[in-house]
Structures are given as C-alpha cells and as structure tokens.
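Asks: Following this message is one structure expressed as structure tokens.
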Amino acid sequence: MTNERKNKFKYGVCRIAEMILILLILSIVVFTLSRLCPGDPLRSWYGDSVDRMSAAQKAAARESLGLEKPLPVQYGIWLKDVTHGDLGLSYKYKRPVTSVIGSVLGNTIVFGLISYILTFSLAFRIGRASAEREGTKLDRFICKSGVISGNIPVFFLSLICILVFAVNLRILPTGGAYSYGAEGNILDRAWHLVLPVFVIVIGHLWYYSYMVRNLLLEEMRKDYVLLLKAEGVPRTMIIKKYCRKNILPPMINIMAIAVPHLLGGTYVVEMVFGYPGLGRLSFESALYKDYNMLMATTLLTGSVVVISNHLAQIIGERIDPRMRHGEGSYE
C-alpha cells in the first residue's frame, strides 16, 4: 500500500470515527435530557388508566419498562440493544420503533426531496438571473424578497396558505398525506403535497437565490473575469461558462448546511398540515415521553445532517483539491 493510499485510508477512518463520536454524544445528550424533563412515560404506555393505578402498580410498571434503573445503566442497555439492531418498542404505538418509523419514513423522504430539489433548482436560476442583471429592478426585487421571505416563520406561512387556498378558495386540501380511502392514489398524494412543498420552497427559495447571486458577483470581481471582459466576452457567457463552475465548491457546502435548515422546516410544516412523517412522529414522541421513539427519530435526523455535511466536504474536495485537509482557499 502506497503512502497516498495509507493517507486516504486513515482520512476515511478518521471521518467515520468522527461521525460515530458525534452521534454518540448526541445520543447521550438526548437520552439524559429526555429523562430529566417533566412528564410521565407511563401515560404514553397506559393512557388515562395510569391515573387509576396504585403506587405499587406504577412502580412495577416502571420496572417492567426498565425506568427504575440509574440513567447510566439505562443508557448502557439501550446502546447495547441498538448495536444489535434493536431500537426497542414505542410506548405510544406498542409496536417496534423500526416498524412505526418505516410506515412514515417514505412520506418525509418524498416531501423533503421534492422541496430540496425545487428550492435549489430555482435558486440557481433566479440567482444567476439576478447576477446577470446586477443593479436592475429585478435584482433589487430578488434581494428584498430574500430578506422578507427569509424572516417569515414557516408555521405562519403554512397557516396563511391553509386559510387562503384550503378554507377560503377550497382548491387544495387542508392537510394529510391522502384523502380517505385513496392511500394508493399517486395523484391524490401529489395533490396533498402541493401546499406543504409550496410553503417550504417559498420560505427558503429567495434566501438561497440571494446567496447564489452574491457568490457569482464575488466571482465576477476576480482578475480572470476582468481579463475576459477586456477580451470582449459577454457578461452572460462569463457567468454561464466560468463563474458558475467556480462557485460549485462553496455552493455544495451551502447546500449541505441547508439540509438541517430545510429538514427543520419540513418537520414544522408536517405538524401544521397534519402530514404523517418523521416531524409529526418526533413531536409526538417528545409530547408523550416515548423515549425509544424520540431517540430513534433524533439519531436518524442527526445522521442525515452529519452524513450530508461530510459528503459535501468529500464532493467539494473532488471538485477543488485545494479544499483537501483545509489547504488553500478559493482565491
């Protein structure tokens, strides 16, 4: 094995170890905080009947769920089970956590991917159009729209859209993933996604368009661009052929950073629209003290964020070797 391969192997191992360490720390923090917060997990398991249970019955129930053991012991048992692929039972649904998550995971993936792809597909086009027309009315409109829309909470925008399009105009459904009895109808599912996707895209589009515009304009002020302008190359051609390619590494990092941003918005929108996905499941697990479900949804979300950031860095290094190990800059 050559030195270069050894370095790449060590680099890969360090990356994997770093991701595992981050998720381990996240699990410890969430595990501890969830159990220190007020609330009774027995209510999630037994419902209102917990009010009629005696102290002895409650103690026996806690012991059967492993809640009487010290926190470090509880965490050790949970971690051991997780390493064997057992995420435990959901207190609320009385089913394996993996089964409950599996029933709604596809909904969140479809919703999140459509929103993500639409947001950045449009952001690249709008940002480029703004950069090509710097200082014009269109450019000023995009910049101001980015500032305004970026400060509107997604839950407020969701409520406004429900009021206008679902309640007043009655042209779109108020929420859910599909109409009653139409679970297998793809068109019906797509129709239910219109408003949630619209809210996510509108809530983030102008902000990222503004970032694309600024990156392009910063690239336009570099020496090689001035030389191309002196040679008579049109501004539009410079942006399309040279600048757009050169802003890819920092833009990929921005897209990675946007994952938790968009994911957080997706979770909030799922709650407002009653959309059955991970966001709604996460909220319910925290509300009902469903510890096993809360740990699973938190780690799943954390894994997406951590992996996306590491993938972005790897892709960025492939595009621009100067990013490798923090070497060099974009200058």
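Asks: Filter the cross-link list LYS69/LYS92; LYS8/LYS240; LYS6/LYS240 down to pairs whose alpha-carbon distance in this structure exceeds 27 Å.
Replies: Violating the 27 Å Cα-Cα cut-off are LYS8/LYS240; LYS6/LYS240.
Asks: Sorted by accessible area (1.4 Å probe), largest first, how do THR83, THR119 line up?
Replies: In descending accessible area the options line up as THR83, THR119.
Asks: At a probe radius of 1.4 Å, what is the per-residue accessible area of LYS69, in Å² to the nearest 10?
Replies: We get 90 Å² for LYS69.
Asks: Taking the Cα atoms only, what angle lies between the long axis of helix 55-64 and the longest principal axis of the chain, rounded to 10 degrees?
Replies: Helix 55-64 sits at roughly 50 degrees to that axis.
Asks: How far is helix 3-36 tilted off the main Cα axis of the chain, in degrees rounded to 10, range 0 to 90?
Replies: Around 50 degrees separate the two axes.
Asks: Probe 1.4 Å, all protein chains in place: accessible area of THR108 in Å², nearest 10?
Replies: Around 10 Å² of this residue is reachable by solvent.
Asks: Now, a different point. Residues of region 240-262 with amide nitrogen under 15 Å from the 7 Å Cα-to-Cβ point of TYR224?
Replies: Residues passing the 15 Å test: 240-250.
Asks: Run the dipole for the chain about the Cα centre, Lys and Arg Cβ at +1, Asp and Glu Cβ at -1, nothing else charged, and hand back the magnitude in debye, nearest 20.
Replies: Using Cβ point charges on Lys, Arg, Asp and Glu, the chain gives about 680 debye.
Asks: Here's something else I'd like to know. Out of the total accessible area of the chain (probe 1.4 Å, heavy atoms of protein only), what percent is carbon and sulfur?
Replies: On the way: 12240 of 18730 Å².
For the chain, the apolar C and S fraction of the accessible surface comes to 65 percent.
Asks: Once both axes come from the Cα atoms, what is the angle between helix 97-132 and the longest principal axis of the chain, in degrees from 0 to 90, rounded to 10?
Replies: Orientation of helix 97-132: about 20 degrees from the principal axis.
Asks: Which whole-number value in Å² is the accessible area per residue of the chain, probe 1.4 Å? Present the calculation step by step, with values, prior to reporting the outcome.
Replies: Numbers: 18730 Å² over 331 residues.
Per residue, the chain has an accessible area of 57 Å².
Asks: Given Cβ point charges of +1 (Lys, Arg) and -1 (Asp, Glu) and nothing else, what value in debye, to the nearest 20, does the dipole of region 173-227 about its Cα centre take?
Replies: 120 debye
Asks: Going by accessible area, probe 1.4 Å, with all protein chains left in place, what is the ranking of VAL304, VAL197, largest first?
Replies: VAL304, VAL197
Asks: I've got another one for you. Step through the residues of region 85-93 one at a time and calculate ³J(HN,Hα) from phi using the Karplus curve (6.51 cos²θ - 1.76 cosθ + 1.60, θ = phi - 60°), rounding each to whole Hz and writing x for Gly and Pro.
Replies: Computed from phi, the couplings for region 85-93 are x, 9, 8, x, 9, 7, 5, 7, 9 Hz.
Asks: Let me cross-check SER64: its accessible surface, 1.4 Å probe, with only protein heavy atoms counted, in Å² to the nearest 10?
Replies: 90 Å²
Asks: Taking +1 at the Cβ of each Lys and Arg and -1 at the Cβ of each Asp and Glu, which of PHE156, MET53, GLY112 sits farthest along the dipole of the chain towards its positive end, judged by Cα position relative to the Cα centre?
Replies: Toward the positive end, the furthest listed residue is GLY112.
Asks: From the list (i) 1.23; (ii) 1.02; (iii) 1.27, can you say which value of Cα Rg over 2.2 N^0.38 Å was derived from the structure given?
Replies: Looking at Cα Rg over 2.2 N^0.38 Å for this model, the match is (i).
The values are calculated or read from the model by the stated rules, or taken from the named source; none is laboratory data. It should be emphasised that the depicted structure is a prediction, and the values quoted were computed from it without experimental measurement. Cβ coordinates were reconstructed from backbone atoms using ideal geometry, including for glycine residues, and neighbour counts include every protein chain displayed. Each accessible area value is taken on the protein alone, full model and side chains, heavy atoms only, with ligands, DNA and RNA left out. Shrake-Rupley method; radii C 1.70, N 1.55, O 1.52, S 1.80 Å.
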